[in-house]
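Engineer: Dropping a structure here in structure tokens format, bear with me for questions.
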Amino acid sequence: MLLSTTVALAFVCALAVGALKLLAPRRSAGGSMRVVEKLPLDARRSLYVVEVDGKRLLLGAGDGPLTLLKELPAEARLKEVA
């Protein structure tokens, strides 16, 4: 009885994992979004430079939701590369 219950539980778990992998949204390893730089301001607040589809955004994170502070100009991207 215990053996059949264990086998059934393992089958249900394997089925659930398989279903989640099939139904989950696909994520590419390269992706079109990446964190370029993070600057912690204090224990709960930080600034992030994030690149999304070739655009660089300055985001503020704190106690509330993430806030778009500014879209960085193209000149800022050229200074970093040079």
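Where a number appears in this text, it was derived from the coordinates with a stated rule and is not lab data. Values in this document were obtained by computation on a predicted structure and should not be read as measured data. Cβ coordinates were reconstructed from backbone atoms using ideal geometry, including for glycine residues, and neighbour counts include every protein chain displayed.
Engineer: Measuring from label point to label point, each 7 Å out along Cα→Cβ, what is the Glu51 to Ser32 span in nm?
Structural biologist: Going from the Glu51 label point to the Ser32 one covers 1.5 nm.
Engineer: At a 10 Å Cβ-Cβ cut-off, how would you order Glu51, Glu37, fewest neighbours first?
Structural biologist: Glu37, Glu51
Engineer: Taking amide hydrogens as modeled 1.01 Å from N in the peptide plane, which residues meet the under 5 Å criterion relative to Leu72, leaving out close sequence neighbours?
Structural biologist: Arg56, Leu57, Leu58
Engineer: Follow-up question, since we're still on this one. How far apart, in nm, are the 7 Å Cα→Cβ label points at Leu23 and Leu66?
Structural biologist: Spacing of the two 7 Å Cα→Cβ label points: 2.6 nm.
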